[in-house]
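Take a look at the structure below.
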Amino acid sequence: MIKEVVTSSTEIARAMGVTIKYFFTKPVTHQFPDEPVEVYPRFRGRHVLKRHENGLERCIGCALCAAACPTDCIYVEAAENTDDERYSPGERYAKVYTINMLRCIFCGYCAEACPTEAVVLEHDFALAEYDRWDAIYPKERLLEPHDASKVVVVRDDEVFVNVSRWGKK
Amino acid sequence: MSDNTVTLIIDGHQVTVPKGTLIVDAAKQIENEIPVFCYHTKMDPVGMCRMCLVEVGTPAINRETRQPELDEAGKPVIRFFPKPMTACTTPVSEGMVVKVDSESALEKRKGILEFLLTSHPLDCPVCDKGGECPLQDLTIRHGPGNSRFDYEDKQRFPKRYPLGDLIVLDMERCIICTRCVRFQEEIAHDPALAVENRGRRAHIVSYTDPVFDSHYSGNTADVCPVGALTTRDFRFGARSWELTNAPSVCNHCGVGCNTVLSTRTGQIKRIMPRQNEAVNEVWICDKGRFGHHFNGSPNRLTTPLVRKDGELVEASWAEALDLVGQKFAAIKEAGGANALGGIAGARLSNEDLYLFQKLFRDVIGAHNIDHRVGLSATLEDETAYTVGVGCGTDLSRTGKGAAILVIGSDLDQEAPVLYLRVAGAAAKRGARLINAGGRQTKLDAQAQTSLRYRYGTATHLALGLLASVVEQKLVDEAGIEARATGFAELKKALQNYATAKVADVTGVDAEEINAAAKAFAEADNGIIIFGLEAGNDSALRAALEALALVTGHAGEADNGLIAVLPHANSRGAADMGVVPDRLPGYAPVDGEAGLSAQEMLAGESGLKGMLIAGVDPAAESEAYQAALEGLDFLVVQELFLTETAKLADVVLPVKGAAERDGTFTNLERRVQAFDIGVPAPGLAWADWLVLVAIAGRLGAEWLYASADGVMAEITQQVPLYAGMEFENLTAPVSLERKTSHYIYEGMSFTADAREGVQWPTLAENNAEGGPKLPLRFIEPAPVAGDEDGFTLVGSRFLYDGGRLLAESQVVESRIRQPQILLSKLDAQRLGVANGDEVTVSQNGVSVALPVKINRMVAEGTAVAPRNVAGRPVEKLVGPGGVYATVKVEKT
C-alpha cells in the first residue's frame, strides 16, 4: 500500500517536473501575425517577378514557367518591346502575367524553368484574401517592388544558407 | 529486281526503291530518318547544311575482270568511301550499303551541329519557332550538348529585320540552308530573296520593291528550319505547345486549301497549311494565311438589329426572327411567293446553301434565288458537272506527257496555289503548258507556248484550236464514240473557223495555233483551266467542253476542265442549286425558272421582300443600291454591317467559317469539311441555323440540329453528294497516302487529317454506260471592230477590296486601291508618271484613276483591278464584263 503511494507520487512529481520544465522554456507558438514568423532561406512562398539593376523587367514572356507548371496556374501573354515602350531587354516581354495562387502548389518548377531568373518564389506565405478573385495575382502585384510581407523573417543560420555546394563532392 | 528499282542496305535493312531515289528518301522507308536542314522533298537538293552525312559503301569492282569482288564467304566486298556523303544529294545504286547510325556518322553529324550552333544565338525562349524547331529537335537528338565555342564570339546581326510587311527576319538565327531562297525561286517563281556575302557574313536579303513582293511569302516561314523567318502577325503570339489546332479549309478562293487554325484563348493565332497533295500540297498563299483577322475584328456584328423609326437598333433573336416571319408571310399573302427573292453569297457552306434554296423552294415556293453577283456576276458554270477534271486528278504529280491549257486567267492573282501547282507541273515536272491570255501574266514565264489573243476573242481562239485539232486529224475517235454525240454537226460548224481566219481575228499566229492544238491533242493527259478574263460566256464553255471531249481529255483522272471560280464555295453554290433554273444536283426546275440576281437587282423586278446572305450587292453599284432601297422588307445575314446591311430592315449576325463547321466544294469538285476553331462573338448564329429558324417562323418543321445533320440530308437528296456524310469527309487519310514533308518536322500539329471527296462528272459516268454528252456549238458574239483607244481590262487581283480582307489589318498595305496600270510607253505618250491621275471614259461614263506604270502591261492595254473601293472598273466594263474600249486622258 505504502509502496503504491510512493510510486504514484513519484510519477506525479516527475510528470509535474516535465510540465514545470516547459513552463520556463520559450513558447513554441508564434503570436502570428503580431509577431513575425521565421522561415528558412529556401522556403518557397509567393512568387515575385524580379527586375534587372537598371529597372527593366527580367521576365521575357517566354512562358516556360507556364509550360513547367504542373497545375497550370500561370498564364502568360507576350508582346513585342518597342524603342518607345520598353519593358525588358531584348525583343519580347510579358504583356500579361498572372498566377492563380489558389491553384499553385509552390513546387518551384516555374523558377527552375525560368531562363532569366525572373520568377522567384520568395518567403511570403500569408496569402489569404477576402475575395477568391484577388488570389489571381496580376503582373503588377507580382513585379518588384511588391508589398513585402512584414510578418515573415528569413533565418540566416549558416548551415542553411551555405547550401550551394549540395550535390557536389 | 526489275529495271526501274534498286536494292540497297541501310543500317542492315534491305530496301528496294525506284532508281534515282536519294538516300535520304530511301531511308524513310524503314523509318530511319536521316536528319536534314536544307533538304526539302518539294525542292531540288543542294547539300548546303551537311547535316545528313552518312557513311556510304558500294560493291568493290575488280579492275581487271570488271566483276564484283567477293570475299571468302562469297559475299561482295563493300568498299566505303573515305569521307562521309550527304544523303540528300546522293542517289542510291545497286548493292549500296549505307550506315546512318554508325559511330563515325554520328560523330560527324555532332560536329556539324556544333558548327551550326557557333553562330546561333540560342534565344529559344523568345523564339517563335521554339518548341517546333528542327534545329532544337536535332540538337537534342544528335547534338554535342555543350560547345567549345566562346559565347561572346557569336555572330551579331540585326535581330528584327523586316522583310516586307508580313515576314520578319532574324539573321542571327539563320543557318543559311537557303530553303526560303529556293522556295521563292523554284516553287513560287518570285525570286525575291537571295543570299548576300559569303561564309559567316552570309545573310538573306530581298531587293524587290515592295520588299519581299510575293503572294507566297508566308510559306518561307514554314519551311525555315530555324526561327530566322517568322510571320509578322504570329510574332510572340503564343508558344507552339499552347496552341489548339483545328483542321479547316481556307475561305478566300475556290482552290480550297487545307489549313490548320491554331488558336489560343478563343482567338486565331495563326493559320498554317495542312498537307493535302491533291489540293494545296504543303503551301497556302498569303491571303489565306494573313486574311483571317476579320474573325476577331471589333466591327463584327454581335446581336440582331431591327429597324425602328428609321434606325437599326439592337434586338433579341426572337424579336428579329418573329418580324422576319411575319413580314415574309404577309408579303407572300399579298403578292404571292414570287414577291420574295434571295441572294446567297458563294462564301456560305454547302449546308447553308442547301437550306437557303430549300427555304425558298419548299417553304416559300419561289425559284427567285441566285448567288451570282459581284465577281461571279456572269458565272453560269456547268462544265464541272459535264467534263470537269476527273476524280483523282492530282496536279502535284502532273508532269511529263501532260498538257495544261490555261485560257484567260492570271492564276497568280485569281487562285495562287493553283498557280504554284500549274507552274510546278510545267517548270519542275515537264508538263506542256500553253498559256492563252489577252495580256502577259506571271504564268508566261513557265509556259512553253504563250498565245496572246485580242480581248473578246477567247472563244474564237478556243474554236480555232478545236478546228485545228479536227484539221490535223488528231481527234480521239474512240473517245467521242464512247462519250459524245453530234460530232458531225460540230465539224460542219467548225468550217468557219479555219486556222488562218481565226489567226486573223484573234491576232495569234496561225502556226502557233496549230502547234498548240497538236501539243494539247497529242498529250497523254490534258487539263483546260479557264478564268475570269476568258469571259465565261456559254459559247466559250461549249467550245472548251467540245475541245476536251474531241481530244479525249475528259472523263478520266488528270483530264478535263477546271473553271477558276471566284469564291470559296462557288462550285458548291451551283451544286446546291442556288440558281433560278436548277435544283440541287443540276436537275432543271419544274415549270418556270425564277429571277436571276441581275433581274432581282434591276429595280423593276416586282420583288417586295428579299433575304440576302453573305454578299454585299449594294457596295457594287448605285443601281443595286436603289433596287434594294425600293424593297418593302430586306433581311441580311452578315458578319459586318455592310452597305447592304445598312439598308436592311433586319440584320442577323452570323458566324464566320472559323466559328462553325460545314463543307466547301472546291473548283475541282472536292467536298471538304472544316471544323470549329474559335467561338463566335456575341450572339452570332451559323447561317444554316438562321435559315432553320426563319423556316420555322414560316410554318415549316425542320429538325436540323447540326451542319452534320443537314449534310446527311444532302447526301440523300443530291445524288452527286451521295456518301459524303461528315463521317466520311473527316476520315483520316490512310497511312499509305501520307507522305512526310519536312515543314511538319517538330510541328505541334499533325498535318494529315483528311483529304475530302470528289464527285464524279457526267463524262466519267458515261464511260460506265451513262448518257452521252452532246457536243455543242454556240456561235460566239461578233468581235467589235477596232476602235480608237485603250483596251481596259477589269482584272482580278489577289488583295482586292473585299470586306473580309479590309477587316484584316495585317494585309492592309497590300490591298489594291483603285488604279490603272499602263505601259511605260503609253504613260510617256500621255505625259503622266506614277501617281498622276487620268480620266478614263467610255460611253459617257468617266472615272478618274491614279496611274501605275507596270512592265507586264502591253502597249494600248490598260489593266485596272476589279472589286476595289468604289468599283470604278465595273462602272466601265459592266458587272460581268471583262474589258471595254476606253479613252484615257490626262486629268
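Considering region A:110-122, and only residues there that are closer than 28 Å to A:Trp133 by Cβ and in a loop (DSSP other than H, G, I, E, B), the residue that is nearest to the other protein chains (Cβ to nearest Cβ) turns out to be A:Cys114.
It is to be established whether one or more residues within region A:156-166 are among the hydroxyl-bearing types (Ser, Thr, Tyr) and at pLDDT below 90. Lay out the reasoning, then the answer.
Just the residues of region A:156-166 that are among the hydroxyl-bearing types (Ser, Thr, Tyr), to begin with: A:164.
Now restrict to residues that are at pLDDT below 90: A:164.
Yes, the conditions are met somewhere in region A:156-166.
If the condition is being at pLDDT 85 or above and not polar (S, T, N, Q), then region A:15-31 contributes A:Ala15, A:Met16, A:Gly17, A:Val18, A:Ile20, A:Lys21, A:Tyr22, A:Phe23, A:Phe24, A:Lys26.
If the condition is being touching a residue at least 40 places away in the same chain (Cβ under 8 Å) and over 34 Å from the mean Cα position of the chain (by Cα), then region B:843-887 contributes only B:Lys887.
For B:Asn834, the test of being without any contact (Cβ under 8 Å) to a residue 60 or more places away in the chain, within 34 Å of the chain's Cα centre (by Cα) and closer than 16 Å to B:Arg439 by Cβ is failed. Could you tell me whether any residue of region B:132-145 is away from chain A (no Cβ under 14 Å), small (Gly, Ala, Ser) and free of Cβ contacts under 8 Å to residues at least 24 places away in the same chain? The answer is yes; a qualifying residue exists.
What number of residues within region B:548-579 are out of contact with any His (no Cβ under 6 Å at 6 or more places or on another chain) and within 30 Å of B:Ala366 (Cβ to Cβ)? Even if it seems obvious, please write down each step before you answer.
Within region B:548-579, the subset out of contact with any His (no Cβ under 6 Å at 6 or more places or on another chain) is B:548-558, B:560-572, B:574-577, B:579.
Next, only the ones that are within 30 Å of B:Ala366 (Cβ to Cβ) stay: B:563, B:565-572, B:574-577, B:579.
Residues in region B:548-579 being out of contact with any His (no Cβ under 6 Å at 6 or more places or on another chain) and within 30 Å of B:Ala366 (Cβ to Cβ): 14 in total.
Look at region B:218-247: where a residue is in contact (Cβ under 8 Å) with a residue 60 or more places away in the chain and within 12 Å of chain A (Cβ to nearest Cβ) and a partner is of a type in the set (Gly, Ala, Ser) and assigned to a helix (DSSP H, G or I), sitting 6+ places away or on another chain with Cβ atoms under 6 Å, you get B:Thr230/B:Ala221. Of all residues in region B:12-33, those being in a loop (DSSP other than H, G, I, E, B), modelled with pLDDT of 90 or more and within 27 Å of B:Ile175 (Cβ to Cβ) number 1.
Mind telling me which of the residues B:Glu807, B:Glu812, B:Glu768, B:Glu787 ends up being modelled with pLDDT under 90, within 30 Å of B:Phe290 (Cβ to Cβ) and surrounded by fewer than 19 Cβ atoms within 10 Å (Cβ to Cβ)? Result: B:Glu812 is the single residue among B:Glu807, B:Glu812, B:Glu768, B:Glu787 that is modelled with pLDDT under 90, within 30 Å of B:Phe290 (Cβ to Cβ) and surrounded by fewer than 19 Cβ atoms within 10 Å (Cβ to Cβ).
Under the condition of being part of a helix (DSSP H, G or I) and basic (Lys, Arg), the residues counted in region B:116-142 number 1. The set of residues from region B:238-264 being under 12 Å from the mean Cα position of the chain (by Cα) and in a strand (DSSP E or B) comprises B:Val249, B:Asn258, B:Thr259.
Only strands (runs of 3 or more DSSP E) wholly contained in region A:1-109 count here; list those with 2 or more residues that are within 14 Å of another protein chain (Cβ to nearest Cβ). Talk me through it step by step, then tell me what you get.
On the way: elements: A:37-39, A:47-49, A:74-80, A:92-100.
Ranges flagged: A:74-80, A:92-100.
Here B:Gly218 meets each of (1) farther than 15 Å from B:Lys287 by Cα; (2) in contact with a strand residue (DSSP E or B) (Cβ under 8 Å, 6 or more places away or on another chain) with one exception, condition (1). Flag set for B:Leu420, criterion: buried (at least 22 other Cβ atoms within 10 Å of the Cβ) and not small (Gly, Ala, Ser).
Contact map, region B:368-383: residues that are closer than 11 Å to B:Ala597 by Cβ paired with residues that are basic (Lys, Arg) and at pLDDT 85 or above, Cβ distance under 7 Å, separation 6+ or inter-chain. Pairs shown: B:Leu379/B:Arg372. Please give the helices (runs of 4 or more DSSP H) falling wholly within region B:404-516 in which 1 or more residues are more than 30 Å from B:Asp800 (Cα to Cα), in contact with a Ser or Thr (Cβ under 9 Å, 6 or more places away or on another chain) and touching a residue at least 24 places away in the same chain (Cβ under 8 Å). Ranges flagged: B:458-471, B:477-483, B:499-506.
Which residues, taken from region B:258-287, are in contact with a helix residue (DSSP H, G or I) (Cβ under 6 Å, 6 or more places away or on another chain) and over 18 Å from B:Thr41 (Cα atoms)? Show your work before the answer.
Taking region B:258-287 as the starting set, the residues that turn out to be in contact with a helix residue (DSSP H, G or I) (Cβ under 6 Å, 6 or more places away or on another chain) are B:261, B:264, B:267-268, B:271, B:280, B:282-283, B:285-286.
If the condition is that a residue be in contact with a helix residue (DSSP H, G or I) (Cβ under 6 Å, 6 or more places away or on another chain) and over 18 Å from B:Thr41 (Cα atoms), then B:Leu261, B:Arg264, B:Gln267, B:Ile268, B:Ile271, B:Cys285, B:Asp286 are the ones that fit.
The values are calculated or read from the model by the stated rules, or taken from the named source; none is laboratory data. Just so we're clear, the structure is a prediction, and the values are computed from it rather than from any experiment. Ideal geometry is used to build each Cβ from the backbone, glycine not excepted, and the neighbour counts take in all protein chains shown.
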